[in-house]
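Undergrad: First the structure, then my questions, so here it is.
Please treat every number below as a calculation from the coordinates, not as lab data. Every value quoted in this text rests on a predicted model; they were computed, and no experiment measured them. Cβ: placed from backbone, ideal geometry, glycine included. Neighbour counts: every protein chain shown.
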């Protein structure tokens, strides 16, 4: 199952080397944060709620997920949260820095990749009846059957280079579903950073998905940034 591959793909940020944080999002409802209880066993507890939804999960509600490699087992803390789980589409994501979460006044949140450093998500799933078992339990299934072999849906990276007191910010998104690469770039001075309303001019370039996942170690990053700069100049 590709969710198993998603979970084990990497637990370290390819940009800074810090441990990644795992989350589960019930779309338009609640975001849960995972705690690793033992190898391949995760407990997902409520983390961020959508303030536009009246029905909420309780603080002590949780979901257990066991990654068996070829199968995924889930267990809810109560029948109530199981009934809620059946209503929503679900995806999982890793984020490097939790400061990347930005709460919205209305709704739930958005991800600030500049602060988040690295983001990776799974394809969308839902709970369906497991007709193969006598007790007709519920199992996570991909909403789009073509995604069952897709380990990662998207990967997004943020990295910076500072020259002459100017911070040059580069963001790279690899969309494995749409097979599209997107690059964003902008520059900001220390003075501009202090202006709360400042909005940098952002360069954006889309191209076919890179054939090879870029090397992002410190020894390779300058070469990658030079490559990006060449694309920016050519555009």
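Undergrad: When the Cα atoms of the range 123-183 are enclosed in a convex hull and the volume is divided per residue, what value in Å³ results?
TA: On the way: hull volume 5.7 nm³, N = 61.
Once divided by residue count, the hull of the range 123-183 is 94 Å³.
Undergrad: Using R₀ = 30 Å, calculate the FRET efficiency as 1/(1 + (r/R₀)^6) where r is the Cβ-Cβ separation of residue 175 and residue 199; round to 0.05.
TA: 0.75
Undergrad: Please sort 175-183, 199-207 by packing, taking for each peptide the average over its residues of neighbouring beta carbons within 10 angstrom, highest first. If you can, show how the numbers build up before the last one.
TA: Working: 175-183: 14.8, 199-207: 11.4.
Ranked by mean Cβ neighbours within 10 Å, highest first: 175-183, 199-207.
Undergrad: For the chain, with a Gaussian network of springs between Cα atoms less than 10 Å apart, report the residue from 25, 11, 83 with the top mean-square fluctuation.
TA: It is 83.
Undergrad: With the Cα gyration tensor of the range 2-147 giving a ≥ b ≥ c as the square roots of its eigenvalues, does the rule (a/c under 1.5 for rounded; else a/b larger than b/c for prolate; else oblate) give rounded, prolate or oblate? Intermediate results must be reported in sequence, preceding the final value.
TA: Working: a/c = 1.77, a/b = 1.22, b/c = 1.45.
Judged from the Cα gyration tensor, the range 2-147 comes out oblate (a/c at least 1.5, b/c at or above a/b).
Undergrad: Okay, moving on. Mind checking the full-extension length gain between residue 40 and residue 232? Use 0.36 nm per residue of separation minus the Cα-Cα distance, one decimal, nm. If you can, show how the numbers build up before the last one.
TA: Values: separation 192, 0.36 × 192 = 69.12 nm, distance 4.20 nm.
Extra length available between residue 40 and residue 232 comes to 64.9 nm.
Undergrad: Apply 1/(1 + (r/R0)^6) to the Cβ-Cβ distance of residue 51 and residue 87, taking R0 = 22 Å, and write down the FRET efficiency to the nearest 0.05. Write down the numbers at each step before the final one.
TA: Values: r = 18 Å, r/R0 = 0.81.
Calculated transfer efficiency: 0.80.
Undergrad: How would the range 137-219 be classified by its alpha-carbon gyration tensor: rounded, prolate or oblate, with rounded meaning a/c under 1.5 and the a/b versus b/c comparison settling the rest?
TA: Working: a/c = 2.78, a/b = 2.15, b/c = 1.29.
Prolate, because a/c is 1.5 or more and a/b exceeds b/c.
Undergrad: Using only Cα atoms, locate the centre of the range 15-36 and the centre of the range 188-235, then give the distance between them in Å, rounded to an integer.
TA: Going from one Cα centre to the other spans 25 Å.
Undergrad: If you don't mind, there's one more thing I want to ask. Determine the shape class of the range 77-235: with a ≥ b ≥ c the square roots of the Cα gyration tensor eigenvalues, call it rounded for a/c under 1.5, and otherwise prolate if a/b is greater than b/c, oblate otherwise.
TA: Details: a/c = 3.10, a/b = 1.83, b/c = 1.69.
Verdict is prolate for the range 77-235.
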